[in-house]
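Colleague: Structure in structure tokens, see below.
The values are calculated or read from the model by the stated rules, or taken from the named source; none is laboratory data. As the structure is a computational prediction, the values presented were derived from the model and not from experiment. Virtual Cβ from ideal backbone geometry, glycine too; neighbours counted across all protein chains shown.
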Amino acid sequence: MNIRAIRIIGIDPGLRNVGWGLIEVEGSRLVYIGCGSIQTRADLSLAERLAQIHRGLTALIEAHRPHEAAVEETFVNRDPQSALKLGQARGIALAAPALLGLPVAEYAANVVKKTIVGVGHAEKAQIAMMVKMLLPTSPAASPDAADALAVAITHAQHRLARARGAA
């Protein structure tokens, strides 16, 4: 790997499925590394499901050695109990990379959509299509994986814009 290349893991938090996507960035060039989702078993307790998420993210980060992480902020307008559980899963998604020493950025869903598609209210299918265009070798088989790749791309674009602004 070129020393100037930065590896980013994007994380789309959820309690059932945590999407993850890995890209490498050199300048404005994006390279697909991998993607998938960590699935938790619904028959487990909340604590056990959160532990599964933590173990899964930790294993991914240790195996792929990203330099930075980006996590999507979740927006839930359902019942308060679901929102609380999702918030706990999001806490794990933030803490796991931070505990391994990675800087962690957060992006609102509408910022991700606007960065990837050009509008802040894009549909999941539009996001998946644009991720496939930006990363042609990506299978992005699940919506969670496509969303996580979109988060990683968003972070890459925003860090590039900040670097240009600082120059």
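Colleague: Considering only the stretch 94-106, I want to know if a residue exists there that is within 25 Å of Arg41 (Cβ to Cβ), over 15 Å from the mean Cα position of the chain (by Cα) and assigned to a loop (DSSP other than H, G, I, E, B).
Modeller: yes
Colleague: Of the residues Ile33, Ile38, Ile53, only one is buried (at least 16 other Cβ atoms within 10 Å of the Cβ) and either outside any strand (DSSP E or B) or of a type in the set (Lys, Arg) (or both); which?
Modeller: Residue meeting the stated conditions: Ile53.
Colleague: Return the residues of the stretch 107-146 that are of a type in the set (A, V, I, L, M), within 19 Å of Ala93 (Cβ to Cβ) and in contact with a Lys or Arg (Cβ under 9 Å, 6 or more places away or on another chain); say none if nothing qualifies.
Modeller: Across the stretch 107-146, the qualifying residues are Ile127, Ala140, Ala146.
Colleague: Out of the stretch 17-40, which residues are charged (D, E, K, R) and modelled with pLDDT of 95 or more?
Modeller: Glu24
Okay, residues lined up against (1) among the polar types (S, T, N, Q); (2) farther than 22 Å from Pro143 by Cα; (3) over 12 Å from the mean Cα position of the chain (by Cα):
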site: Gly10; (1), (2), (3): no, no, no
site: Gly21; (1), (2), (3): no, no, no
site: Glu24; (1), (2), (3): no, no, yes
site: Val31; (1), (2), (3): no, no, yes
site: Gly34; (1), (2), (3): no, no, no
site: Leu44; (1), (2), (3): no, yes, yes
site: Ala47; (1), (2), (3): no, yes, yes
site: Thr58; (1), (2), (3): yes, no, yes
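Colleague: Sticking with this structure for a sec: Restricting attention to the stretch 68-104, which residues are surrounded by fewer than 18 Cβ atoms within 10 Å (Cβ to Cβ), of a type in the set (Gly, Ala, Ser) and at pLDDT 95 or above?
Modeller: Those that are surrounded by fewer than 18 Cβ atoms within 10 Å (Cβ to Cβ), of a type in the set (Gly, Ala, Ser) and at pLDDT 95 or above: Gly91, Ala95, Ala98, Gly101.
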